[in-house]
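To start, the structure itself, in structure tokens.
The values are calculated or read from the model by the stated rules, or taken from the named source; none is laboratory data. From a predicted model like this one, the values you see are computed outputs, not experimental measurements. Glycine gets a Cβ as well: all are built from the backbone with ideal geometry, and neighbour counts include every protein chain shown. Just so you know, the surface numbers come from the protein's heavy atoms only, side chains and all, with ligands and any DNA or RNA stripped out. Shrake-Rupley method; radii C 1.70, N 1.55, O 1.52, S 1.80 Å.
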Amino acid sequence: MEPKDYIVVKIEGEYAYLRDINDPQGGEVFIALALLPQETDIGVKIHCEMFEYSIAER
């Protein structure tokens, strides 16, 4: 799986909705907040590589 960068667009309950930064017209994916870094909030950039999530470098 190739690395991807996302931006958190919405948080509902225990799930975060992410949009691919390189494909803004693409759909949203959702993932459990428990799998994301503790600092996750709306507008935060998330880096995903090999199903490991981290805050993207600014």
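Among the conditions (1) out of contact with any helix residue (DSSP H, G or I) (no Cβ under 9 Å at 6 or more places or on another chain); (2) among the aliphatic types (A, V, I, L, M); (3) at negative phi, the only one that residue 16 does not satisfy is (1). Checked against (1) in contact with a Phe, Trp or Tyr (Cβ under 6 Å, 6 or more places away or on another chain); (2) open to solvent by 50 Å² or more (accessible area, probe 1.4 Å), residue 12 meets all criteria but (1). List, please: which pairs have Cβ atoms under 8 Å, are six or more places apart or on different chains, and start with a residue in the stretch 29-45 that is more than 14 Å from residue 10 (Cα to Cα) and end with one that is of a type outside the set (Lys, Arg) and open to solvent by 90 Å² or more (accessible area, probe 1.4 Å)? Going by the 8 Å Cβ cut-off, the qualifying pairs are 34/14. The set of residues in the stretch 21-47 that are closer than 18 Å to residue 57 by Cβ, touching an Asp or Glu at 6+ places or on another chain (Cβ under 9 Å) and modelled with pLDDT under 95 comprises 21, 22. Each residue in the stretch 2-17 was checked for being in a strand (DSSP E or B), closer than 13 Å to residue 48 by Cα and among the acidic types (Asp, Glu), and 1 pass.
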